[in-house]
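Student: Just passing along the structure, written as structure tokens.
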Amino acid sequence: MTETLTLRLTIADPVPGLHYWRQDAKNAPHDIRLSTEAPLTFDMPVDLRPDGQLGGTFVRREGKDRRFVYIAIGGTMPGLPVVSRRAKIDVHDIPADLLKPGAVIGATLPGRARDGTPACATVRPLTPWQVVG
């Protein structure tokens, strides 16, 4: 039987004026939001499979073990062409003792790259994964 839990992803410092959203495994947008200077938080429901792997609508896979989710970013920034990026957040390395049915597990992510544009590609959490609810 498959159980569910929630991943709570908080983007600490999003680039203001861009759209951020959860992207499902079919590339469809969910919960599109226009960013300000304030942190953005997205909840992603995921399945906890009997083998301990995460799956579901938002979880993607690479190879046998790697699992990740995407936060997509789009819009325009002054002086740049249209921004179209994705932050890839690994979830296969969440400690197994946190993966409990019904749990809410959170991490804080950087919102900006060193050059001030949105963080993209593989984005490492600023904080360890922890139970937040």
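Student: Return the only residue of Ala87, Ala38 being modelled with pLDDT of 95 or more, out of contact with any Cys (no Cβ under 9 Å at 6 or more places or on another chain), farther than 23 Å from Thr2 by Cα and of a type in the set (Gly, Ala, Ser).
Tutor: Only one candidate passes the filter, namely Ala38.
Student: While we're on this one: Could you check, for segment 75-86, whether at least one of its residues is on the phi > 0 side of the Ramachandran plot and among the polar types (S, T, N, Q)?
Tutor: no
Student: Next up: Can you go through Ile94, Ile71, Ile89, Ile105 and tell me which one is among the aliphatic types (A, V, I, L, M), on the phi < 0 side of the Ramachandran plot, surrounded by 17 or more Cβ atoms within 10 Å (Cβ to Cβ) and not in a strand (DSSP E or B)?
Tutor: Residue meeting the stated conditions: Ile94.
Student: Here is a further query. If you take the residues in segment 111-123 that are of a type outside the set (A, V, I, L, M) and in contact with a strand residue (DSSP E or B) (Cβ under 8 Å, 6 or more places away or on another chain), which one is surrounded by the fewest Cβ atoms within 10 Å (Cβ to Cβ)?
Tutor: Among those that are of a type outside the set (A, V, I, L, M) and in contact with a strand residue (DSSP E or B) (Cβ under 8 Å, 6 or more places away or on another chain), it is Thr122.
Student: Could you look through segment 13-37, keep only residues that are in contact with a Pro (Cβ under 8 Å, 6 or more places away or on another chain) and hydrophobic (A, V, I, L, M, F, W, C), and pick out the one that is surrounded by the most Cβ atoms within 10 Å (Cβ to Cβ)? Walk me through how you get there before you give the answer.
Tutor: Of the residues in segment 13-37, the ones in contact with a Pro (Cβ under 8 Å, 6 or more places away or on another chain) are 13-15, 18, 20-23, 35-37.
Restricting the remaining residues to those that are hydrophobic (A, V, I, L, M, F, W, C) gives 15, 18, 21.
Working: Val15: 21, Leu18: 19, Trp21: 18.
Residue satisfying both the conditions and the ranking: Val15.
Student: Right, something else. Select from segment 2-56 the residues that are out of contact with any Ser or Thr (no Cβ under 8 Å at 6 or more places or on another chain) and on the phi > 0 side of the Ramachandran plot and list them in ascending order.
Tutor: Asn27, Asp31, Gly52
Student: Which of the following residues is farther than 16 Å from Arg112 by Cβ, free of Cβ contacts under 8 Å to residues at least 60 places away in the same chain and surrounded by 11 or more Cβ atoms within 10 Å (Cβ to Cβ): Asp51, Asp47?
Tutor: On the way: Asp51 fails: surrounded by 11 or more Cβ atoms within 10 Å (Cβ to Cβ).
The unique qualifying residue is Asp47.
Student: For segment 40-56, which residues satisfy the criterion of being touching a strand residue (DSSP E or B) at 6+ places or on another chain (Cβ under 6 Å) and not in a strand (DSSP E or B)?
Tutor: Correct list: Arg49, Gly56.
Student: Between residues in segment 82-93 that are under 26 Å from Val104 (Cβ atoms) and residues that are among the aromatic types (Phe, Trp, Tyr) and outside any loop (DSSP other than H, G, I, E, B), which pairs lie under 7 Å by C-beta distance while being six or more apart or on different chains?
Tutor: Partner pairs satisfying both residue conditions: Arg86/Tyr70; Ala87/Tyr70; Lys88/Phe68; Lys88/Tyr70; Ile89/Phe68; Asp90/Phe68; Val91/Phe68.
Student: Go through segment 15-34 and count every residue that is under 25 Å from Trp129 (Cβ atoms), in contact (Cβ under 8 Å) with a residue 24 or more places away in the chain and over 13 Å from the mean Cα position of the chain (by Cα).
Tutor: 1
Student: Further, regarding this structure: Quick one: is Gly56 surrounded by 14 or more Cβ atoms within 10 Å (Cβ to Cβ) and either farther than 21 Å from Gly133 by Cβ or not acidic (Asp, Glu) (or both)? Even if it seems obvious, please write down each step before you answer.
Tutor: Working: surrounded by 14 or more Cβ atoms within 10 Å (Cβ to Cβ): yes; either farther than 21 Å from Gly133 by Cβ or not acidic (Asp, Glu) (or both): yes.
For Gly56, the condition - surrounded by 14 or more Cβ atoms within 10 Å (Cβ to Cβ) and either farther than 21 Å from Gly133 by Cβ or not acidic (Asp, Glu) (or both) - is met.
The values are calculated or read from the model by the stated rules, or taken from the named source; none is laboratory data. Because the structure is a prediction, the values reported are computed rather than measured. We place every Cβ from the backbone using ideal geometry, glycine too, and count neighbours over all the protein chains shown.
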